[in-house]
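The values are calculated or read from the model by the stated rules, or taken from the named source; none is laboratory data. The structure presented is a predicted model; accordingly, all values stated were derived computationally and were not measured. So basically every Cβ, Gly included, is an ideal-geometry build from the backbone, and we count neighbours across all protein chains shown. Heads up: the accessible areas ignore ligands, DNA and RNA and are worked out on the full protein's heavy atoms, side chains in. Shrake-Rupley method; radii C 1.70, N 1.55, O 1.52, S 1.80 Å.
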Amino acid sequence: MSRITYVSQYFVSADQPGGVRHWQHTRALASRGHDVTVITSYVQHKERTIAPRYRGRKIVTEQEGDLRVMRTYSTPGYGVDLRSRAANYGSFAFWAGVAAARAPRPDVVIASSPSLPAAAATAGIAQARRARFVLEVRDLWPDSLVEMGLLSNPRAIAAARRMERYCYRRADRIVALTEGIRDGVIAAGVPAAKVSLITNGVDLDIGADSEPVDLAPDEFVAMYVGAHGTYSALDTLLGAARVADPGVRFVLVGGGDQKAGLVARAAEQGLDNVTFIDPVPKKDVPSWLARADVCLLPYQDVPLFTGALPNKAFDYLGAGRPIIAGAPIGELTRLVEASGCGLNIPPEDPGALSAAVAALRADPEGAERMGAAGRAWVREHYDRAALARRFVSVVESLV
């Protein structure tokens with residue numbers, strides 16, 4: 001048995017909204033008999049708030065099954081501006097370091113990035129405590145921030161580059177979320193043998209017995225489930241709703257910093273065929289997807305998203321629903337083609353999205369075949385349990 005410290009600013013279970021990758025991987029480590037301590041923030045990422053039971057406390061240690069979870073303070077109420085985000089990331093990095101000093105001395109320390117400041121702090125913790133260091137890269141920071149226009153200050157970019165190089169240099173192994181991220185890490189000078197590709201996957205054990213929700217029984221439902229944030233081009237859905245055929249309803253489930261604006265614009269445009277649903281726990285996502293007739297993956301027309309392979313795509317595939325992907329040609333569009341699970345359309349094209357929805361509505365048998373093909377394909381290639389075992393193997397190779 002080894003002692004493992006796992007640091008991720010965002011950590012949610014099946015009872016909470018959001019992706020459960022960290023929860024699944026840490027549970028897999030614990031199931032192998034390892035003593036796992038998770039260090040995370042208690043600020044709810046989607047709402048940017050602090051739950052009442054944590055107020056006034058900097059570090060709270062809880063036992064969640066086999067996991068010891070240390071939840072720390074970070075500044076709440078942050079937005080997309082550099083100052084509030086930097087304060088949030090920096091405060092978590094500081095308190096994560098304090099928590100790590102109080103945790104049992106680890107054999108292996110794992111950091112998941114973003115956020116990059118927390119990953120760099122974790123690399124320093126591993127060095128100070130003479131532990132092996134595993135870095136999981138879920139987004140190429142600062143490259144993606146620069147490309148999206150979210151980071152333009154030269155000094156901030158230079159500082160982020162130094163943190164990135166430090167993390168890569170200190171890591172004994174690096175886990176990349178997508179092929180594009182893996183290639184980017186290798187292009188930064190990391191030896192290919194040091195990098196392992198472990199994508200997101202389908203959670204077959206979550207919500208397996210769920211029943212469809214009671215939603216628009218007589219309408220054709222085009223659904224999006226996920227973050228309403230900067231990356232997803234959700235205005236494209238509003239544009240498609242403006243020209244959609246009668247009887248088509250667009251349902252957006254989730255939360256994020258762009259949601260309030262989306263709700264306001266839908267109301268201003270009189271889009272009665274658009275419904276917004278608050279974030280739901282991961283275990284309830286299958287219930288919502290069971291009511292969808294088609295699922296939507298809209299992205300901005302930015303080269304960054306040629307490497308997009310989001311968690312929600314695997315939720316859609318696991319639910320056996322056809323997918324319409326509006327993304328630059330890349331990993332996501334290749335997945336749709338390889339699995340036969342749906343249709344690829346140009347990104348940020350409301351007319352193309354509306355036409356694709358209409359085409360699937362007009363061909364229910366074809367849509368059902370696509371959904372079934374996607375489900376069979378993802379179960380074979382992207383079972384989260386198998387991917388978690390690969391993650392465990394990477395960690396155990398160091399101990």
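Taking the criterion of being part of a strand (DSSP E or B) and over 19 Å from Gly255 (Cβ atoms), the residues of the stretch 1-46 that qualify are Arg3, Ile4, Thr5, Tyr6, Val7, Asp35, Val36, Thr37, Val38, Ile39.
All of Arg32, Arg48 fail the test of being surrounded by fewer than 22 Cβ atoms within 10 Å (Cβ to Cβ) and more than 25 Å from Pro310 (Cβ to Cβ), apart from Arg32.
The sole residue among Ala372, Ala362 that is touching a residue at least 40 places away in the same chain (Cβ under 8 Å) and either surrounded by fewer than 16 Cβ atoms within 10 Å (Cβ to Cβ) or of a type outside the set (S, T, N, Q) (or both) is Ala372.
Remark: Ser115 falls outside the filter, which requires a residue to be among the polar types (S, T, N, Q), within 20 Å of Ala156 (Cβ to Cβ), buried (at least 21 other Cβ atoms within 10 Å of the Cβ) and in contact with a Ser or Thr (Cβ under 6 Å, 6 or more places away or on another chain). Across the stretch 318-348, the qualifying residues are those that are in contact with a Ser or Thr (Cβ under 7 Å, 6 or more places away or on another chain) and touching a residue at least 24 places away in the same chain (Cβ under 8 Å), and the one among them that is most open to solvent (accessible area, probe 1.4 Å) is Glu348.
Checked against (1) at pLDDT below 95; (2) among the acidic types (Asp, Glu); (3) open to solvent by less than 60 Å² (accessible area, probe 1.4 Å), Asp15 meets all criteria but (3). In the stretch 183-301, counting only helices (runs of 4 or more DSSP H) that sit wholly within it, the ones holding 1 or more residues that are open to solvent by 20 Å² or more (accessible area, probe 1.4 Å), under 28 Å from Ala362 (Cβ atoms) and aliphatic (A, V, I, L, M) span 235-243.
Looking across the stretch 387-399, just one residue is hydrophobic (A, V, I, L, M, F, W, C) and open to solvent by 40 Å² or more (accessible area, probe 1.4 Å), and that is Val399. The number of residues in the stretch 161-182 being farther than 21 Å from Val109 by Cβ, in a helix (DSSP H, G or I) and out of contact with any strand residue (DSSP E or B) (no Cβ under 7 Å at 6 or more places or on another chain) comes to 2.
Residue under question is Gly77, and the condition is that it be open to solvent by 10 Å² or more (accessible area, probe 1.4 Å), closer than 20 Å to Val134 by Cβ and either of a type in the set (A, V, I, L, M, F, W, C) or without any contact (Cβ under 8 Å) to a residue 60 or more places away in the chain (or both); does it hold? So Gly77 fails the test. Candidates in the stretch 126-144 are the residues that are aliphatic (A, V, I, L, M) and open to solvent by 30 Å² or more (accessible area, probe 1.4 Å); of these, the one that is nearest to Val399 (Cα to Cα) is Ala128. Counting only strands (runs of 3 or more DSSP E) that fall entirely inside the stretch 47-143 and contain at least 1 residues that are acidic (Asp, Glu) and either at pLDDT 95 or above or farther than 22 Å from Arg162 by Cβ (or both), the qualifying elements are 59-64, 132-137.
Looking across the stretch 127-165, the residues that are hydrophobic (A, V, I, L, M, F, W, C), under 27 Å from Ile4 (Cα atoms) and within 25 Å of the chain's Cα centre (by Cα) come down to Phe133, Val134, Leu135, Val137, Leu140, Trp141, Ala160, Met163. When the residues of the stretch 146-182 are filtered to those that are β-branched (Val, Ile, Thr) and farther than 30 Å from Arg390 by Cα, the one that is surrounded by the fewest Cβ atoms within 10 Å (Cβ to Cβ) is Ile157. Does the stretch 376-383 contain any residue that is under 15 Å from Ile198 (Cα atoms), of a type in the set (Ser, Thr, Tyr), open to solvent by 10 Å² or more (accessible area, probe 1.4 Å) and at pLDDT 95 or above? No, because not a single residue in the stretch 376-383 is under 15 Å from Ile198 (Cα atoms), of a type in the set (Ser, Thr, Tyr), open to solvent by 10 Å² or more (accessible area, probe 1.4 Å) and at pLDDT 95 or above. Only a single item in (1) under 17 Å from Phe220 (Cα atoms); (2) open to solvent by 20 Å² or more (accessible area, probe 1.4 Å) is not met by Ser354, and it is number (2).
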